[in-house]
Structures are given as structure tokens and as C-alpha cells.
Amino acid sequence: MVLAAGLGKRMRPITDIMPKPLVSIAGKPMLDWSLDLLEKAGVRKAVVNVHYLPDQIVAHVAQRTMPSIVISDEQDGLLDSAGGVVKALPELGDEPFYLLNADTFWIDRDIPNLDALALAWDAARMDILLMLSDLESATGHSGGSDFLIDADGRLSRSRQDPSGVIYAGAAIMNPRLFAGKEVAPASLNRYFDEAIAAGRLFGMTLVGDWITVGTPDAIAPAEAAVARARAEGR
């Protein structure tokens, strides 16, 4: 699933006329950076949720063949990150699924990071496995860290400890976490905290360049990071 329903208020005035996931970075809409990463990982079906200027996203993804796109319509009310997953759960099925943000992406170095995330997934120990970035590999990130990671990959909140890592906007999640939940606005942070309390929130640090685009000022650094990676043949 790709979360693409946000209002993109910090990206104004660009988002006055287009939804944030369609803002182009280095010639490619951010939504396509996410969908291309899923296609590279062999994903055949992806759910994309929509709310703000939804017709533009619906028309855009209709041009794709892989992965095939199912739209989860939130025009009646924005459901936040976890509420959007609950609404889409019938389309996501019973197996663990990838979840990506539409305004972050990365450029792989060696093994594709989504493949590495799948190899690291262990349902016996994990409810959620987050992809993480260290601060040095991040472009466009203006905050501190999100989590501390122990030697086994188990996560705790970092409270912006400079030795911590950033949630990179991608994860594998067990759908049973969301089963039976009300379709209502809810944040994934609640699920992260519950998984921490149970000792079942884990993370894997990506290898490559992680890029987040939250404001118009972040576009130029993002495009420069893509250009450097392309110059290296990635």
C-alpha cells in the first residue's frame, strides 16, 4: 500500500493545483518513485489511497500496468495513516504487506532495500518491520531521529537522540494488527508504540540514499541527490 491521501499543506503553493504525490522529482512524480520500487520488488498489486484532488491521482495511476493499482477512496474523510490501512484491509489480504509513504523514496546501492526488508521479516518475532535511515544518508530531513535500534534490530523511541535513526517511510506489517479496527482517523504511531510495548517493533537500516520531500525548498536537494546517484550509475 502507498499512502497518498495527505493534504500536502507544507508543499504549497505547488499543491494548490496538484496533490503532493504527483509533485515531480528529477522528472518523475513522487508516487511513481514509490510504485517503481514496489514493481522492482516484484509486487503485482498495490493499493493507493486518495483524498485531496483524487481525480488527478486516479488518472495518473491508470496509466500503469505494474503493479496493478487499486484505489482506496477517502474523499468522505481523511483517515490518517493507520485509518487508511484499516479501510484498505480487504484489498490487502491476510499476508504481511509493504506500506510506503508517497513523499519519501530511496535509491538502492546493491541489493534492493525492499528485497532486504522481506528477507529480514520474521513473523514469529515481529508485528512491524520498519525501514530506517541514518541521519547521514538522509536528504531533506529537517528533524531529529525517531528510534534507537538494538543489536537484534528491536526498536525503542529515541526521543531525538542523535545516535538514533529515522523512520524511512516504508515498512512490512502484519494485517492482523488492523483486523476488526474501526474505520476512523488513526495514526500509525499508536501501532508503533503498541509494538514497542510488546517487544515486536523491529527495524532495518537501508543501504543507499534516502530522500524526503516535505516542502518546496526540499525539491532541489532531492534532485541533486538523484543526480549524484545517477552519475554513480545507480
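Modelled this way, with points 7 Å down the Cα-to-C-beta line, the labels at GLU136 and GLU95 are 3.7 nm from one another.
Spin-label pair ALA231-ASP55: with each label point 7 Å from Cα along the Cα-Cβ axis, the two points sit 4.3 nm from one another.
Students often check this: by mean Cβ neighbours within 10 Å, which of 121-127, 189-195, 3-9 ranks highest, and how do the rest follow?
Details: 121-127: 14.4, 189-195: 16.7, 3-9: 21.6.
In descending order of packing, they fall as 3-9, 189-195, 121-127.
With +1 on each Lys and Arg Cβ and -1 on each Asp and Glu Cβ, how big is the dipole of the range 2-231 about its Cα centre, in debye rounded to the nearest 20? Before the final figure, lay out the partial values.
Working: 21 positive and 30 negative charges, 29 e Å.
So the magnitude is around 140 debye.
Given the options ILE107, LEU177, ALA120, identify the residue whose Cα lies farthest towards the positive end of the charge dipole of the chain (+1 on Cβ of Lys, Arg; -1 on Cβ of Asp, Glu). Of ILE107, LEU177, ALA120, it is ILE107. log10 I(q)/I(0), Debye, Cα-only the chain, no solvent, q = 0.09, 0.11, 0.15, 0.16 Å⁻¹? One equal scatterer on each Cα of the chain leads to -0.34, -0.53, -1.05, -1.22.
In a simple Cβ point-charge model (Lys, Arg +1; Asp, Glu -1; nothing else charged), the range 98-234 has a dipole of about 280 debye relative to its Cα centre.
Note on LYS9 and ARG159: their simple-model spin labels are 2.8 nm apart, each label 7 Å out from Cα toward Cβ.
Under the Kirkwood approximation applied to all pairs of distinct alpha-carbon atoms, what is the hydrodynamic radius of the range 72-172 in Å? Write out the running numbers ahead of the final one.
Numbers: mean 1/r = 0.0654 Å⁻¹.
Its Kirkwood hydrodynamic radius stands at 15.3 Å.
Taking a straight line from the alpha carbon of LYS9, these aspartates and glutamates sit under 20 Å away, with near neighbours fewer than eight places off in the same chain left out: ASP55, ASP73, GLU74, ASP76, ASP80, ASP103, ASP217. Listed by chain and number, the lysines whose C-alpha is less than 24 Å from the C-alpha of LYS45, apart from same-chain residues fewer than 8 away, are LYS20, LYS28, LYS87, LYS181. In sequence order, the range 15-20 has phi-based couplings of 7, 5, 10, 8, x, 3 Hz under the Karplus curve 6.51 cos²θ - 1.76 cosθ + 1.60, θ = phi - 60°, and Gly or Pro positions carry x.
Given 37 °C and 0.692 mPa s, compute D for the range 1-57 with the Stokes-Einstein relation, Rh being the Kirkwood radius over Cα pairs; round to the nearest whole µm²/s. Mind showing how you got there, number by number?
On the way: Rh = 11.8 Å.
Result for D is 278 µm²/s.
Once you divide the Cα radius of gyration of the range 160-234 by 2.2 N^0.38 Å, the number left is 1.48.
Values quoted throughout were computed directly from the atomic coordinates according to the rules given, and no laboratory measurement underlies them. Just so it is clear, the structure is predicted and the values come from calculations on it, not from any experiment. Because the Cβ atoms are built from the backbone with ideal geometry, glycine has one as well, and the counts that use them run over all protein chains shown.
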